[in-house]
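Comments concern the structure below.
The values are calculated or read from the model by the stated rules, or taken from the named source; none is laboratory data. Note that the coordinates shown come from a computational prediction; the quantities given were computed from them, not determined experimentally. Glycine also receives a Cβ, built like all others from the backbone with ideal geometry; neighbour counts cover every protein chain displayed. Keep in mind that these areas ignore ligands, DNA and RNA; they rest on the heavy atoms of the full protein, side chains included. Shrake-Rupley method; radii C 1.70, N 1.55, O 1.52, S 1.80 Å.
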Amino acid sequence: MSATQRDVKNRIGSVKNIQKITRAMEMVAAARLRRAEQRIEALRPYAGAIRRMTRQAAEAAGHEVHKLPVLQEHDSEDVVALLLVTGDRGLAGAFNSQIIRAGLRAASSLESDGRKIAYSAVGRRGVSTLTFRGKDPVGRYVGFTDRPAYGDAREIAQDLIAAYVDGKIDRVEIFYNGYISPLTQEVRHETLLPLQHATILEDSEGEDSDPSEGDDGTGVHALVEYEPDPEEILARLIPDYVEISVYRALLESTASEHGARMTAMRNASENAGDLIEDLTLEMNRARQAEITQEIMEVVAGAESLT
């Protein structure tokens, strides 16, 4: 075997090893994706119930809702907080980069209007990219994007609410990958605070249905007596509302990450297969050329003897 054939054979072996890794990563991502989908489905009823109760308590409280600090809109929006939800790992196609690009575009637009930006990031990829670009994130939340827990969402929500109530920020916007299918993820840009403008739970399937409304579509509400007062209940529900909003975004992002990684690894495996076929064809051609050369040498030697 010539040196050229040996090199090609070594390359084929290396590509086959890489293909084994990408196939294994694809299977792992597929298994994790199924679990992430189940968690999203399990969350929807709870998210819908929290939204309905918060809305009903706010309606019952009337003008008293403006006494709650978290519901008080600031006179101006000088500082806008941007929360970018990325992953801790790469090898997921454009999953992380498209969130970074969308966040930076929004920040550029806000800065052109004279507003300051306070960055926060979920996931090591987002934190490292923002730090590299000189935009040091105020909040850094890493190490859980593969399987976020409700406690992680609570920590993020509490930090954002505290900053909003203390007047450090005037508005909170979140960027995350919304899960549609394993092949499709879309960048979603939602408002989280102030709650009067919150959009993150508005378009949820089945979350707008209110069991207290009549089936005839008249919108008549059942009479509800609150104990304690609606204002106190609302004060307890609002943190839960923000937490569940963040938690849902984390789950959507996790499912999107696994879907994007599964698709990326499948494409990598297919590309490795194509490369193996090309290298095999190249090796066969080199071997055929070597055999042909040997035959010609034998024929030439025989002719010289005659």
Per residue solvent-accessible surface (Å²) - the stretch 1-90, probe of 1.4 Å = 57
What do you reckon, how do F132, F95 stack up by accessible area (1.4 Å probe), largest on top?
-> F132, F95
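Go through 253-260, 189-196, 29-36 and give me the packing order, highest mean Cβ count within 10 Å leading. Don't skip to the answer; put the middle values down first.
Working: 253-260: 27.4, 189-196: 19.0, 29-36: 17.2.
The most tightly packed comes first, giving 253-260, 189-196, 29-36.
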On a 0 to 90 degree scale, rounded to 10, what angle separates helix 230-305 from the longest Cα axis of the chain?
-> 10
How much accessible surface area, in Å² rounded to 10, belongs to the heavy atoms of T54 with a 1.4 Å probe?
-> 20
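With a 10 Å radius around each residue's Cβ, average the other Cβ atoms per peptide and rank 158-164, 180-186, highest first.
Details: 158-164: 18.4, 180-186: 14.6.
Taking the mean over residues of other Cβ atoms within 10 Å, the ranking is 158-164, 180-186.
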³J(HN,Hα) across the stretch 144-156 via Karplus (A = 6.51, B = -1.76, C = 1.60, θ = phi - 60°), whole Hz, x for Gly/Pro?
-> 9, 5, 5, 8, x, 9, 5, x, 5, 5, 5, 4, 4
In nanometres, the difference between 0.36 nm per residue of separation and the alpha-carbon distance of R287 and R101 is 62.1 nm
Carbon and sulfur atoms: what percent of the 1.4 Å accessible area of the chain do they account for?
-> 51
